[in-house]
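Accompanying notes for the structure given below.
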Amino acid sequence: SGDERWCRVETPGRAQQGWVAGRFLREAAAPQAPDRLGLEGDGQRFDATGYLPCSPLPGQPTKSCNFGVIREARRGYAGLWIDIGGAVERYFLFEDGKAVYSNGAGELTVEKLGDLNLLRLGGERYEVPDRVIYGG
């Protein structure tokens, strides 16, 4: 499969599950509010929702952004959606607890500070605690 990114997909209620090449998919909407914990909505079930510090504009101070996370059965594998405002969202894929992909432009870099993952994407910054990825 070379450099192809594969994504796990499932139907609502998990009746059907499988894998598909990411180039055939389109991202779902970001979470609307953090009260969707454990609820079905927009065809997407988040394992947790809430707020995290983000700075989607270069040089700006952080603000609180809504997030939703879906955790895989394998510990440290998760998809994180962040609503950065203006009908724009960022998606980050974590494998083995490390951010390996984002849908945004620019180079993705990660700095680990204790249990905090400082994600930088071009001039954007996101502060993601380990508990968001691992649960707890």
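Computed quantities for the displayed model
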read-out	value
Extension gain (nm, one decimal) between Leu118 and Ser64, 0.36 nm per residue minus Cα-Cα	18.0 nm
Fully extended contour minus Cα-Cα distance, from Ala21 to Tyr101, at 0.36 nm per residue	27.4 nm
Segment 54-136, relative contact order in percent, only Cα pairs under 8 angstrom and at least six apart counted	26 percent
Pair Glu72, Asp47: separation of 7 Å Cα→Cβ label points (nm)	1.1 nm
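Values in this text are rule-based calculations from the coordinates and carry no lab data. Remember, it's a predicted structure, so these values are computed and weren't measured experimentally. Backbone-built Cβ (ideal geometry, glycine too); neighbour counts: all protein chains shown.
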